[in-house]
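Laboratory data are not the source of any read-out in this text; all were calculated from the coordinates shown. Computed from a prediction, not measured in an experiment: that's the story for all the values here. Counting neighbours? That spans all protein chains shown, and the Cβs are built from the backbone with ideal geometry, glycine included.
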Amino acid sequence: MKAETIAVGSELLTPDKTDTNSLFITARLNEAGFQVHRKTVIGDREEDIAALVGEALSRSALIIIIGGLGPTEDDLTRQAVSRILRRPLAVDTDLLEAIRGRFASRGIAMPKINERQAQVLEGAEVLQNPRGTAPGMWIEEKNTRIVLLPGPPRELQAMFLASVAPRLSGLRSGRQMVRRTVNVVGLSESEVDSRVSPIYTSYPGIETTILASTAQITLNLSQWLKPGETTGELDELTARIAEALGDTVYSTSGETLEEVVGRQLRDSGNSLAVAESCTSGAVAMRITRVPGSSDYFLGGVLCYSNEAKQSLCAVPACLLEKHGAVSAEVAEAVAQGVRRALNSHIGLSITGIAGPGGGSAEKPVGLVYFGLAGSRGSGHERRVIPGDRESVRERAATYALAYLRRYLLAECRRNPTP
């Protein structure tokens, strides 16, 4: 059961916008037994969209077209599909009234331009949009199903789950894609592969891919299962890979690093305060992204200047003068200072040179120190992080969380829960 997605929108062909909808759709299609064999992004040209849909009809049992269903002149998906299928468009009066009523519920008169969103292809089934004005469509063309969905993710996801997924259940091929992920921090892509390739190559029925992203590695394991088959082999491979990579694995269940650290803090009864310089609050943002983080996160300090380090974290001026702001000594002092200032169990600090300027032979661009202070004293970690300014900052935030995770692991081993 082959499927493909077509994301429509000229903005997706620029550096400013990324197609994330296809990731959500691919996961849901795999669960339904469809193999996604092609993803395409195409601009807002009616003839190009029509030609691509025509090609897709010859190779896919399911085509999902994303975007181009709005009210403006460059929303051309309806017209393109109408052209290639030779099915006329007509205004659905019930749908038009529903769209008009949606505007009225917000105290707004519907602009005339929105009338085109009520145009439906002959023979198409309308998919209601509870979160927007662009309805979707389900079209059956010989042996192929074509689905038109709006582009905004919150609209697309709700519509897919409510209206598309139930229809796909009746088209199941009998197989289902099952996935596992192994998330790693602290090793390079080549280091990970050298350790685990002898393991995963001995499982030919499981597809293993290694994805390197900023400061971390993700191994994606996937297997197609027939009805009645279990996930035993997949689970065994996951466990063997995790064992080979040891403590560098922070999750095999899809948890983010900040979720893992949050769970460690909650389970250990520790509270945390952070003080950030070169990361400008990125660590605190990630920690507080997790619901319930107020249980363990007390607050953060953005101490960018030397004066701020002194006034907010009580770092002695003589320490800054002797060692400089980017140093092991200052990183530890800042961690101790924020711990005292917010009365937390643990203080975490980050200070570094994100660039592009400010570096030297002794302290190059990308040099970052992480400080950590707890009940057993303080420590630090030094890294020289490659990349541009944003890459250094993003990686530094990940490495700070990874440093904290290792500290909490060590604490847990010293003081295991009864």
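Considering only the stretch 13-34, state which residues are touching a helix residue (DSSP H, G or I) at 6+ places or on another chain (Cβ under 8 Å) and either outside any loop (DSSP other than H, G, I, E, B) or hydroxyl-bearing (S, T, Y) (or both). Hits for the stretch 13-34 are T18, T20, N21, F24, I25, R28, L29.
Taking the stretch 63-111 only, how many residues are at positive phi and either touching a residue at least 40 places away in the same chain (Cβ under 8 Å) or touching a helix residue (DSSP H, G or I) at 6+ places or on another chain (Cβ under 9 Å) (or both)? Steps first, please.
Taking the stretch 63-111 first, the residues at positive phi are 67-68, 86, 107.
The next check asks that each one be either touching a residue at least 40 places away in the same chain (Cβ under 8 Å) or touching a helix residue (DSSP H, G or I) at 6+ places or on another chain (Cβ under 9 Å) (or both); those that pass are 67-68.
Within the stretch 63-111, residues that are at positive phi and either touching a residue at least 40 places away in the same chain (Cβ under 8 Å) or touching a helix residue (DSSP H, G or I) at 6+ places or on another chain (Cβ under 9 Å) (or both) number 2.
For the stretch 168-188, the condition holds for at least one residue, the condition being that it is out of contact with any Asp or Glu (no Cβ under 7 Å at 6 or more places or on another chain) and on the phi > 0 side of the Ramachandran plot.
Scanning the stretch 2-24 for residues that are over 16 Å from I42 (Cβ atoms) and either acidic (D, E) or crowded, with 18+ Cβ neighbours inside 10 Å (or both) turns up A3, D16. The set of residues from the stretch 78-120 being part of a loop (DSSP other than H, G, I, E, B), under 26 Å from E141 (Cβ atoms) and charged (D, E, K, R) comprises R86, R87, D92. S22 meets each of the listed conditions (1) in contact with a strand residue (DSSP E or B) (Cβ under 8 Å, 6 or more places away or on another chain); (2) touching a residue at least 60 places away in the same chain (Cβ under 8 Å) apart from (2).
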